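> Got a structure for you, questions after.
The values are calculated or read from the model by the stated rules, or taken from the named source; none is laboratory data. If you're wondering where the values come from, they're calculated on a predicted model, not measured in any experiment. Please note: Cβ atoms are built from the backbone with ideal geometry, for glycine as well, and neighbour counts cover all protein chains shown. Quick note on the areas: whole protein, heavy atoms, side chains included, nothing else; ligands and nucleic acids left out. Shrake-Rupley method; radii C 1.70, N 1.55, O 1.52, S 1.80 Å.
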Amino acid sequence: LENLQPEIKELAKRLRYEVSVRGKQLGWSEKVARFHFSRNMRKVVTELYVRDNCHPFKATLLLWVQIPMWVCVSLALRNCSIGALGSAVQEQFSSGGALWFTDLTAPDSTWILPVSLGLVNLLVVEV
């Protein structure tokens, strides 16, 4: 989308000129000329999106999936860690860790997991 902006600006400038010339020929009012410009500009921008396969909705699609998924996983982990699903699950969490984190219900005092998770997320965003 960002790469298309210079091309869209150039096309808008050219279309504005063409509409003003055509409007003067046909005696359009300013309101009618703006209507024709906006309608034709929408068509041109839509054609550019189709040509480059970069509709703005595609950029937000990940958020519409990722945010509800994040909320559901966060709630599920919270329910598991506070024992809402039963004491058997909490017992498994308190004895089922590995390496330096043997108790998954205790906070990470070394901050290794939160920092590494943050760095991995930053790497994913930057790549």
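> Below 8 Å between Cα atoms, with a sequence gap of 6+, how large is the relative contact order for the range 57-126 in percent?
13 percent
> Can you tell me the accessible area per residue over the chain, all protein chains present, probe 1.4 angstrom, in square angstrom?
Solvent-accessible surface per residue comes out at 82 Å².
> Once you charge only the Cβ atoms, +1 for Lys and Arg and -1 for Asp and Glu, what is the size of the charge dipole of the chain about its Cα centre, to the nearest 20 debye? Can you show the working numbers first?
On the way: 14 positive and 11 negative charges, 284 e Å.
Result for the chain is approximately 1360 debye, rounded to the nearest 20.
> How much accessible area does residue 105 have with a 1.4 Å probe, in Å² rounded to the nearest 10?
60 Å²
> Just 26, 63, 104 to compare: in a GNM of the chain, with alpha carbon springs under 10 Å, which one fluctuates most?
Comparing 26, 63, 104 in a Gaussian network model of the chain, the most mobile one is 26.
> Here is a further query. Summarise the accessible area of the chain (1.4 Å probe, protein heavy atoms) by the percent that is carbon and sulfur.
65 percent
> For Cα pairs less than 8 Å apart in space and 6+ apart in sequence, what is the mean separation divided by the residue count of the chain, i.e. the relative contact order in percent? Spell out each step's value before the answer.
On the way: 44 pairs, mean separation 16.0, N = 127.
It rounds to 13 percent for the chain.
> Whole Å is fine, so just give me how far the alpha carbon centre of the range 102-117 lies from that of the range 1-50.
Each part's Cα centre sits 56 Å from the other's.
> Once the Cα atoms of helix 30-52 and of the chain are each reduced to a long axis, what angle between those two axes, in degrees from 0 to 90 to the nearest 10, is obtained?
Between helix and principal axis, roughly 50 degrees.
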